[in-house]
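First the structure, in the form of structure tokens, and then the observations on it.
The values are calculated or read from the model by the stated rules, or taken from the named source; none is laboratory data. Here the structure is a predicted model, which is why all the values come from computation and not from measurement. So basically every Cβ, Gly included, is an ideal-geometry build from the backbone, and we count neighbours across all protein chains shown. Ligands, DNA and RNA are excluded from the accessible area calculation, which covers all protein heavy atoms including side chains. Shrake-Rupley method; radii C 1.70, N 1.55, O 1.52, S 1.80 Å.
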Amino acid sequence: MNLPIKTTAWMRPANLIHKAALFGALALAPIYGKAQTTGAEPPHIHNIVFVHGGWADGSSWDKVIPLLEEQGFHVTAVHLPFTTLAEDAATVKRTLALQDGPALLVGHSYGGVVITEAGDDPKVAGLVYVAAFAPDQGQSLADVNSQYPPTPGDEQFRLDASGFVMLTYKGIAEDFAQDLTVVEKHLIFAIQGQISGPNEVGAKVTTAAWKQKPSFYIVADQDRMIDPKLEEKFAEQMDATTIHISSSHVPMLSHPAQVANFIAAAAGK
């Protein structure tokens, strides 16, 4: 997303161990794509913490949460303050502190930047990126996004006098969530938050947790907000176990069962 400021893993050996069990689970799940494999059965992670992206809130995960709870997971959805990257990451870490054990940290879109920053927390056992940004240390969302041509959704950002950014209804309906119903599109537009351009989009990541934690990635092949080729690049650079879903920018809403199955498998279910 080239925003108006233009400014716009598992430790490697352990990663290989976890991927074997994931492959077996994905073979039974209604998803498609690649899963890298080898090794033995990983430990099961009970806690899952969701981090939403920009122009969204915790309800981004409301179709996936019940599916995971039915499988026995303890699920929490964070609500970001949308002020600075540091405060967003601190919000996630406060949630992690409340978990009763290791947690799988899941981020969508801008939420990928947040879990990259907050994921060095000792409670985090793995990272799942859902059509999400994954900058390296010293990079911002704007830095990595500027490496690719603008997407259709980039034309639909509106910056206010305070430097906060919103997305037009056209952007929601045609680029952000084009495969959802009209009612769902209206709901997303109504609840969207105002993301801070310079303080979040332009903020540099101070640590890249995906270099040290097991990592997983869902590429949204019909994404009109983030270039799918950029998503593939993120997945490749972190050596993530990866699948592709033919979805808009919000696969957790348009393909919740596929997303839930992938997350459950990443947790060792």
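Of the residues making up the stretch 229-246, none is among the basic types (Lys, Arg) and closer than 20 Å to PHE50 by Cα.
Residue under question is GLY72, and the condition is that it be under 20 Å from PHE164 (Cβ atoms) and either open to solvent by 10 Å² or more (accessible area, probe 1.4 Å) or at pLDDT below 95 (or both); does it hold? When the stated conditions are applied, GLY72 does not pass them. Those strands (runs of 3 or more DSSP E) of the stretch 152-259 in which 2 or more residues are crowded, with 18+ Cβ neighbours inside 10 Å and in contact with a helix residue (DSSP H, G or I) (Cβ under 7 Å, 6 or more places away or on another chain) occupy 164-167, 215-220, 241-245. Of all residues in the stretch 45-56, those that are crowded, with 24+ Cβ neighbours inside 10 Å have Cβ atoms under 8 Å from Cβ atoms of residues that are aromatic (Phe, Trp, Tyr) and assigned to a loop (DSSP other than H, G, I, E, B), 6 or more apart or on another chain, in ILE48/PHE73; GLY53/TYR110; GLY54/PHE82; GLY54/TYR110. Exactly one residue among VAL124, VAL128, VAL144 is in contact with a Pro (Cβ under 6 Å, 6 or more places away or on another chain), within 28 Å of LEU96 (Cα to Cα) and open to solvent by less than 30 Å² (accessible area, probe 1.4 Å), and that residue is VAL144.
One residue stands out in the stretch 113-149 among those that are touching a Leu at 6+ places or on another chain (Cβ under 9 Å) and of a type in the set (Val, Ile, Thr): the one that is farthest from ILE245 (Cα to Cα), namely VAL124.
Only one of THR83, THR116 is surrounded by fewer than 19 Cβ atoms within 10 Å (Cβ to Cβ) and of a type in the set (Ser, Thr, Tyr). Can you tell me which? Exactly one of THR83, THR116 is surrounded by fewer than 19 Cβ atoms within 10 Å (Cβ to Cβ) and of a type in the set (Ser, Thr, Tyr), namely THR83. Of the residues contained in the stretch 134-147, none is found to be closer than 20 Å to ALA177 by Cα and of a type in the set (A, V, I, L, M, F, W, C).
When only residues in the stretch 131-141 that are in a loop (DSSP other than H, G, I, E, B) and of a type outside the set (S, T, N, Q) count, which is surrounded by the fewest Cβ atoms within 10 Å (Cβ to Cβ)? Looking at residues that are in a loop (DSSP other than H, G, I, E, B) and of a type outside the set (S, T, N, Q), I get GLY138.
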